[in-house]
1. Got at least one residue in segment 62-78 being of a type in the set (Ser, Thr, Tyr), closer than 30 Å to Val457 by Cβ and part of a helix (DSSP H, G or I)?
2. Restricting the first residue to segment 194-212 and requiring it to be part of a loop (DSSP other than H, G, I, E, B), which pairs with a second residue that is open to solvent by 90 Å² or more (accessible area, probe 1.4 Å) meet a Cβ separation below 6 Å and a spacing of at least six or different chains?
3. Tell me, yes or no, whether segment 366-379 has at least one residue that is closer than 23 Å to Asn475 by Cα, aliphatic (A, V, I, L, M) and in a helix (DSSP H, G or I).
4. State all residues of segment 6-46 that are more than 10 Å from the ligand (Cβ to nearest atom), part of a strand (DSSP E or B) and surrounded by 20 or more Cβ atoms within 10 Å (Cβ to Cβ); if no residue qualifies, say none.
5. Restricting to segment 452-507, what's the tally of residues that are in contact (Cβ under 8 Å) with a residue 40 or more places away in the chain, in a loop (DSSP other than H, G, I, E, B) and closer than 24 Å to Met85 by Cβ?
6. Might you check whether a residue that is part of a helix (DSSP H, G or I), among the hydrophobic types (A, V, I, L, M, F, W, C), at pLDDT 95 or above and within 30 Å of Arg34 (Cβ to Cβ) occurs anywhere in segment 429-443?
7. Condition check: open to solvent by less than 10 Å² (accessible area, probe 1.4 Å), aromatic (Phe, Trp, Tyr), under 17 Å from Asp90 (Cα atoms) and within 21 Å of the chain's Cα centre (by Cα). Does Tyr282 satisfy that?
8. Which strands (runs of 3 or more DSSP E) does segment 240-340 wholly contain that include 3 or more residues that are within 15 Å of the ligand (Cβ to nearest atom) and of a type in the set (A, V, I, L, M, F, W, C)?
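The values are calculated or read from the model by the stated rules, or taken from the named source; none is laboratory data. From a predicted model like this one, the values you see are computed outputs, not experimental measurements. FYI the Cβ positions are ideal-geometry reconstructions off the backbone, even for glycines, and counts take in every protein chain you see. Surface areas here come from the heavy atoms of the whole protein model, side chains and all, with no ligands, DNA or RNA. Shrake-Rupley method; radii C 1.70, N 1.55, O 1.52, S 1.80 Å.
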Amino acid sequence: MEKNFYVTTPIYYVNAEPHIGHAYTTIVADFLKRFHKLTGEDSYFLTGTDEHGNKIVEAAASNNSTPEEYTNKISQMFKQTWIDMDIHFDDFIRTTDDRHKNIVTQILQKVYDNGDIYFASYGGHYCVGCERFFAEKDIIEGKCPDHDKPLEFIEENNYFFKMSKYQDWLIEHINNNPDFIRPERYKNEVLSILRSDVLEDLCISRPRARLSWGIPLPFDENYVTYVWFDALINYISAIGYPDDEKFKRYWPVSQHLIAKDIVKPHGIFWPTMLKAAGIAPYQNLNVHGYWNIDETKMSKSLGNVVRPTDLIEKYGNDQIRYFFLREMTFGLDATFSEEAVTNRINYDLANDLGNLVKRTFNMTDKYFEAKIPPFNSQNPAGRDELLERLKESIKEYCEFIEKFQFNVGIEKLWGFIRYVNKYIEDNKPWAVAKEGNMPLLSSIIRNLLESIYSIAVLLSPICINISPMVVDALNGPKVYDNNGILDNLVLFHNLKEDTKIADLGILFPRIEIEKQDAKKTPEKKERSKAENDGLIDISDFAKIDIRVAKILKAEKIEDSEKLLELQVDAGIENRTIVAGIAKSYLPEYLVGKKILLVANLKPAKIFKRKSHGMLLAAKKEKNDEPVLIEIDDKIPIGAKLS
Ligand code: ME8
């Protein structure tokens with residue numbers, strides 16, 4: 001029976017243009033669709049845009065647009081970016097589409113009729129950035145912990161979804177389906193929320209008087225639907241819930257892809273909403289980490305975004321797809337830098353793969369007039385070993401992709417590429433040619449060409465332009481959606497004798513790092529040398545605001561052996577800091593001491609406390625206890641180190 005596969009990306013907010021964080025999730029979805037199609041599965045891929053809610057109204061207003069104009073423009077920008085990147089989505093849903101609004105209305109009515117939506121008064125702290133209310137315990141100094149912006153207190157009558165009613169069911173479902181949310185760390189995150197407390201019911205409406213840009217509630221025209229309740233439904237409205245053939249075919253095999261920012265709506269709101277509406281849960285929620293730049297998450301609000309189309313123009317589409325899939329361990333954060341992109345291109349693509357193809361094509365040209373030579377069974381030239389290695393690599397490549405460990409899967413395939421490079425070194429075709437042993441030479445070159453064909457097919461979901469070029473140059477079969485294809489690859493019967501191969505030129509041009517260096521001014525060169533030597537500029541030092549502060553209060557943090565919570569007067573303001581000195585100092589000793597504080601360190605959440613700054617202590621050996629740098633009482637509070 002034919003297997004089906006359904007992959008979705010989040011539908012992206014249309015409050016700013018797409019960046020490489022969005023591109024990553026979308027590339028993974030496109031890769032998975034192509035990979036499953038390659039093996040003959042019926043694969044479907046959905047993406048789209050999330051267009052309702054306060055966030056969008058605010059973005060439109062600050063661009064002097066109406067929400068309609070603004071959402072049309074940015075949604076089109078997302079779609080065009082994916083088209084420019086050769087992303088083969090099957091459908092692009094917009095939450096402003098009628099087909100979507102109709103299904104949201106139907107589901108709301110169904111859940112309401114079942115008695116799972118009620119009306120009540122509610123007061124809470126709201127963050128527009130997150131489009132959600134925050135519980136008292138999650139608020140840090142009146143601010144949203146993610147956006148670090150003040151929350152707005154809103155009190156109003158609203159409709160609520162009885163999420164808590166499905167809490168026990170969800171815990172059981174997750175326990176019975178250990179892969180439901182993966183990797184495991186995110187399953188544990190969801191389970192810990194579900195087990196720690198009774199879930200608060202979900203506020204699913206906004207009064208029209210405050211927000212009109214949304215889908216009206218079918219049972220009360222004075223309200224519109226909360227943006228998350230609306231948005232999550234896209235995954236089924238797009239495939240024609242409830243009756244469409246597509247819904248029946250794809251929903252049972254649905255794979256959602258998201259980053260860790262939206263685990264709660266997908267891991268808790270969505271399955272309970274589905275349960276309340278009498279719909280089976282999705283198959284898997286697959287959660288990846290963030291792409292960071294210099295340790296900070298890339299995001300529209302932080303303004304440190306990299307545009308995917310700029311990158312592709314500079315490095316090539318296949319190169320960037322390869323980089324993303326190879327560089328990130330799915331589930332963990334990764335750091336983006338152009339240096340890392342350059343290294344992947346130069347080492348993996350240009351050296352390992354590009355050279356293999358180039359050398360083999362050159363030898364075919366030189367020894368066989370660019371025609372595919374026959375395999376000579378009297379002189380197999382290590383064909384069985386090559387095939388064994390290929391079989392093993394394909395098995396591992398597929399297994400790791402199924403487990404969403406793309407970087408490991410690709411590395412396994414690279415193991416085979418390196419093995420084939422070594423095969424050339426071990427078999428020395430140039431020496432065999434010199435001896436005039438043409439039957440052996442013919443087998444060696446044929447084994448190499450067949451290996452390259454197999455590699456090109458296996459890489460076709462990643463290198464979407466270059467793989468077909470290699471297949472064409474070899475005149476190999478172009479079937480990319482055949483459930484027997486992987487078995488065919490390990491027969492080495494794919495190429496036709498005597499067919500002429502085409503010249504491919506250089507598949508992956510090396511990125512000249514020297515050239516980039518050459519563009520640097522002498523001053524910049526000097527700076528990078530100093531950086532390499534671990535030296536910093538005086539201007540780097542000047543960035544650190546070290547000042548004298550006085551400890552006002554000190555307390556041990558329960559459950560921690562090492563940490564103390566300190567209140568300090570830093571001259572500018574009083575600060576809370578968490579310091580790892582509990583083993584060396586009693587809290588009473590510290591009160592009244594003057595110390596040095598790094599005042600402009602980004603705040604961090606430690607043991608549920610917001611620690612804003614760091615005190616300076618010193619130790620000689622790694623395992624020594626830190627000794628506080630105490631300051632003479634003559635130096636005033638707030639004095640800066642310079
Ligand atoms: O949350 N690293 O939309 P959104 C990796 N509309 N991935 C990143 C990223 C980064 N630095 N930044 C963004 C929304 N992403 C809602 C979703 S779904 C029913 C509604 C990717 O525009 C990643 O996939 O904020 C993340 O989950 C998503 O963009 C958030 O996109």
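1. Keep residues of segment 62-78 that are of a type in the set (Ser, Thr, Tyr), which gives 62, 65-66, 70-71, 75.
Retained after the next criterion (residues that are closer than 30 Å to Val457 by Cβ): none.
Within segment 62-78 (the criterion being of a type in the set (Ser, Thr, Tyr), closer than 30 Å to Val457 by Cβ and part of a helix (DSSP H, G or I)), the answer is no, since none of the residues qualifies.
2. Pairs that qualify, where the first residue is part of a loop (DSSP other than H, G, I, E, B) and the partner is open to solvent by 90 Å² or more (accessible area, probe 1.4 Å), are Arg208/Asn222.
3. We begin by selecting, within segment 366-379, every residue closer than 23 Å to Asn475 by Cα; these are 366-377.
Next, from what is left, pick out any that are aliphatic (A, V, I, L, M): 370, 372.
Filter once more, so that each one left must be in a helix (DSSP H, G or I): none.
No, segment 366-379 has no match at all.
4. Restricting attention to segment 6-46, the residues satisfying the condition of being more than 10 Å from the ligand (Cβ to nearest atom) are 6-7, 17, 27, 30-46.
Adding the requirement that they be part of a strand (DSSP E or B) leaves 6-7, 42-46.
Result: Tyr6, Val7, Ser43, Tyr44, Phe45, Leu46.
5. Final tally of qualifying residues: 11.
6. Pass one, segment 429-443, residues part of a helix (DSSP H, G or I): 429-435, 438-443.
Checking the rest, the ones that are also among the hydrophobic types (A, V, I, L, M, F, W, C) come to 430-433, 438, 440-441.
Cutting the leftovers down to at pLDDT 95 or above gives us 430-433, 438, 440-441.
Filter again for within 30 Å of Arg34 (Cβ to Cβ), leaving none.
No: zero hits.
7. On the way: open to solvent by less than 10 Å² (accessible area, probe 1.4 Å): yes; aromatic (Phe, Trp, Tyr): yes; under 17 Å from Asp90 (Cα atoms): no; within 21 Å of the chain's Cα centre (by Cα): yes.
No.
8. Working: elements: 254-259, 284-288, 291-293.
Filter on segment 240-340 gives 254-259.
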